[in-house]
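Worksheet: one structure, shown below.
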Amino acid sequence: MASLDIEQTRILLMKALRHLADGADYLNELDRAVGDGDHGTTIARGVKFVIRDLETAQPSNVNELFVLVGKGMMKSMGGASGILYGVFFRAALDAPATTQLDCRTLAELFTFGLRGLKLKTKAEVGDKTMVDALVPALSALNHAATDSLSDALNDAAVAADKGARATIGLVPRFGRAKTLGDRAIAAQDPGASSVALLFRGLAETVTEFSASEFL
């Protein structure tokens with residue numbers, strides 16, 4: 001499957017976000033080692049709010065759907081995670097408007113998202129944040145040797161998961177986990193892990209589309 005239209009993109013985002021919310025217990029467990037233990041619960045609350053908005057939205061392009069996700073997360077989640085996810089998705093407003101989502105346009109939307117995060121935080125790969133999963137996932141999208149959105153997203157999901165797992169052994173340099181210093185070295189970063197879950201949800205949903213009536 002090479003591209004999705006606006007309605008397919010709406011369904012893609014809702015299904016991927018539900019996959020992310022389904023990992024709430026896992027994310028909470030990871031967060032207990034470095035934070036309040038509520039990262040998954042916070043994510044799930046945001047997803048519930050966003051899906052309600054997505055179901056009733058009447059977008060004229062794909063960008064508006066991503067912006068809607070960002071606004072909903074920022075409004076409903078609160079805290080650093082809500083702000084960061086909000087900034088990431090809302091940055092689609094700055095990207096060229098598109099009515100089709102393919103490898104190139106998705107990479108472009110997420111590139112603007114990463115750029116927005118860079119303006120909000122100075123985190124780099126290796127700092128034990130969501131950036132550790134996001135950067136390799138985006139790199140995989142940008143270097144996809146295929147027009148298949150399903151294949152490209154699967155590569156991105158694998159890269160994001162590898163990046164999240166690579167946060168084990170790192171010293172956190174941002175957020176509450178920073179105050180733990182070496183005590184947080186053995187933990188896997190929950191923010192990077194939620195990004196990995198999001199990309200896995202995107203990949204699995206597009207794979208489902210490839211065998212469905214959306215073809």
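The values are calculated or read from the model by the stated rules, or taken from the named source; none is laboratory data. Just so it is clear, the model here is predicted, and its values are computed rather than measured. Cβ sites come from the backbone with ideal geometry, for glycine too, and all protein chains shown count toward neighbours. Remember, those area values only see protein heavy atoms, side chains included, never the ligands or the DNA or RNA. Shrake-Rupley method; radii C 1.70, N 1.55, O 1.52, S 1.80 Å.
Residues in the stretch 118-131 that are open to solvent by less than 40 Å² (accessible area, probe 1.4 Å) and more than 12 Å from the chain's Cα centre (by Cα): THR121, ALA123, GLY126, ASP127, LYS128, THR129.
Among all residues of the stretch 162-173, there is at least one that is open to solvent by 10 Å² or more (accessible area, probe 1.4 Å), of a type in the set (Val, Ile, Thr), farther than 13 Å from LEU106 by Cα and in contact with a Lys or Arg (Cβ under 8 Å, 6 or more places away or on another chain). The set of residues in the stretch 148-176 being in contact with an Asp or Glu (Cβ under 9 Å, 6 or more places away or on another chain), within 15 Å of ASP132 (Cα to Cα) and modelled with pLDDT under 95 consists of LEU170, VAL171, PRO172, ARG173, PHE174.
So which of LEU12, LEU20, LEU30 is out of contact with any His (no Cβ under 6 Å at 6 or more places or on another chain), over 30 Å from ALA186 (Cβ atoms) and not small (Gly, Ala, Ser)? Result: LEU12 is the single residue among LEU12, LEU20, LEU30 that is out of contact with any His (no Cβ under 6 Å at 6 or more places or on another chain), over 30 Å from ALA186 (Cβ atoms) and not small (Gly, Ala, Ser).
The rows are residues; the columns are (1) hydrophobic (A, V, I, L, M, F, W, C); (2) in contact with a Phe, Trp or Tyr (Cβ under 8 Å, 6 or more places away or on another chain).
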site	(1), (2)
GLU108	no, no
LYS120	no, no
THR129	no, yes
ASP132	no, no
ALA140	yes, no
ALA145	yes, no
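Scanning the stretch 62-77 for residues that are surrounded by fewer than 18 Cβ atoms within 10 Å (Cβ to Cβ) and not in a helix (DSSP H, G or I) turns up nothing. Within the stretch 21-33, the set of residues being of a type in the set (A, V, I, L, M, F, W, C), within 20 Å of the chain's Cα centre (by Cα) and either under 22 Å from GLY169 (Cβ atoms) or at pLDDT below 95 (or both) comprises LEU27, LEU30. Here are some residues: ILE51, ILE43. Which one is under 20 Å from ASP22 (Cα atoms) and in contact (Cβ under 8 Å) with a residue 60 or more places away in the chain? Going through ILE51, ILE43 in turn, just one is under 20 Å from ASP22 (Cα atoms) and in contact (Cβ under 8 Å) with a residue 60 or more places away in the chain: ILE43.
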